[in-house]
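We did not get these values from a lab; they are worked out from the coordinates using the rules stated. These numbers come from a predicted model, not from an experiment. Don't worry about glycine lacking a Cβ; one is built from the backbone with ideal geometry, like all the others, and counts go over all protein chains shown.
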Amino acid sequence: MKHQDSQQQKRQTLRHVLRAIGATSLIATGLGLSSMALAQTPIVIKFSHVVANDTPKGKAAERFKELAEKGTKGRVKVELYPNSTLYKDKEELEALQLGAVQMLAPSLAKFGPLGVKEFEVFDLPYIFQNRDVLHRVTEGPVGASLLAKLEPKGITGLGFWDNGFKVMSSNIPMRVPGDLKGKKLRIQSSKVLDAQMRALGANPQVMAFSEVYQALQTGVVDGTENPPSNLYTQKMHEVQKHVTMTNHGYLGYAVIVNKKFWDGLPADIRTELNKAMKSATQYANAIAQIENDNAIEAVKKSGKTTVYAPTEKERAEWIKVLMPVQKTMEDRIGKELIQSVHKEAQALGLK
């Protein structure tokens, strides 16, 4: 009981601190100040994320900063906080809503716990056959409708950034799904990912991204799932002996801003920031596959991890075990939404 009280007090303290920081941040950006002060003081955008600078997201954030500051002729200053240096992934959405940070690029799984369960469609195993299908979703009406669902939460969505398709890692060989039975596997907080791991017979463990390396190193968890770029840049391959190229799920991000902050910006500033975001998004999605290909090659060259590509027969077994998760999640995510993704695949001649 005392532990629960202590945890509640910590959360309340965090909220008070975030509100205080948020108020300061809004003042610092010039909201409510005179036009003269606005001209003298750059509008500060704090952009927080949880991965390394040399990942697709990290590089895209750097590109956005460069383009935003150049396009606004210095009227906007973008401060980047990578690798959970400002907020961990469990804290950052609340910080954004309170105005303590202006911009984030959280993984799409983060929006389910926020109450926008439709975003968990991206977590479904084998929902996207390839990037072409994915981009028809993220760049079309389906993606726009999903971002619009964030508005009532005080969040404006600006776009989707790719990372890549996920691989499985652990300290045992993983040729077929049964090899993971009984193993403790780290996941993000997602009902879909929980169901996915249970379908494999594994025990899902929700954990902040910044804590995963140590948990793998100490054996708190046996393995995890990640695109290769995250696996490599976080050095998880140094504490995982085996990687299997399951490509079973997708990891991407939504770039979002505090709605009140965004709506309060001068129209010409918003126009320039939208241009910068569009260019940064094109860049992010162009380099994502290359970065992941390079990362898996680097993992192989390290000699610390064995990388295994399933045979066609083995891949069919992974699909057979995981595909039913799509059906079981229809009531949570929405049958029509899942079907709309399949229709995009059919439009490309895929089944």
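Against the chain, whose longest principal axis comes from its Cα atoms, helix 312-322 is set at around 60 degrees. Against the main long axis of the alpha-carbon atoms of the chain, helix 335-347 sits at an angle near 80°. Between amide H atoms placed 1.01 Å from N, distances below 5 Å from G249 occur with Y126, K166, all of them 5 or more places distant or on a separate chain. Between P204, P310, P82, the residue with the greatest mean-square fluctuation in the GNM of the chain (Cα pairs under 10 Å linked by springs) is P310.
For the range 157-222, what is the relative contact order in percent, using Cα pairs closer than 8 Å and at least 6 residues apart in sequence? Walk me through the numbers before you get to the answer.
Values: 62 pairs, mean separation 20.8, N = 66.
Taking the mean separation of contacting Cα pairs over the length of the range 157-222, I get 31 percent.
In the chain, helical runs assigned H by DSSP with n ≥ 4 each contribute -39500 (n - 2.57); averaged across all residues and rounded to the nearest 500, the mean residue ellipticity at 222 nm is -14500 deg cm²/dmol. Taking every DSSP beta bridge that has both ends in the range 148-250, the antiparallel portion is near 55%.
Each Cα pair under 8 Å and six or more residues apart adds its sequence gap; the mean of these over the residue count of the range 87-206 is a relative contact order of 21 percent.
Only the Cβ atoms of Lys and Arg (+1) and of Asp and Glu (-1) were treated as charged; on that basis the dipole of the chain about its Cα centre amounts to roughly 380 debye. Between A288, A276, A298, the residue with the greatest mean-square fluctuation in the GNM of the chain (Cα pairs under 10 Å linked by springs) is A298. Residue by residue, the range 272-278 carries 3J(HN,Hα) couplings of 5, 5, 5, 4, 4, 5, 4 Hz when phi is fed to the Karplus relation 6.51 cos²θ - 1.76 cosθ + 1.60 (θ = phi - 60°); x denotes Gly or Pro. Once phi is turned into θ = phi - 60°, what whole-Hz ³J(HN,Hα) does the Karplus curve with 6.51, -1.76 and 1.60 give for every residue of the range 226-238, x standing for Gly and Pro? Rounded to whole hertz, the list is 6, x, x, 4, 6, 4, 6, 5, 8, 6, 5, 5, 6. Extents of the chain, largest first, come to 68, 56, 43 Å (Cα atoms, principal axes, whole angstrom).
Can you give me the long-range amide H partners of I45? Hydrogens built in the peptide plane at 1.01 Å from N, cutoff under 5 Å, separation of 5 or more residues or another chain. Sorted by chain and number, the residues that satisfy this are K77, V78, E79. With both residues required to sit in the chain, DSSP beta bridges show an antiparallel share near 55%. Between the Cα long axis of helix 56-71 and the first principal axis of the chain there is an angle of about 20°, rounded to the nearest 10.
Extension gain for S340-S189 works out to 51.9 nm (0.36 nm per residue, less the C-alpha to C-alpha distance).
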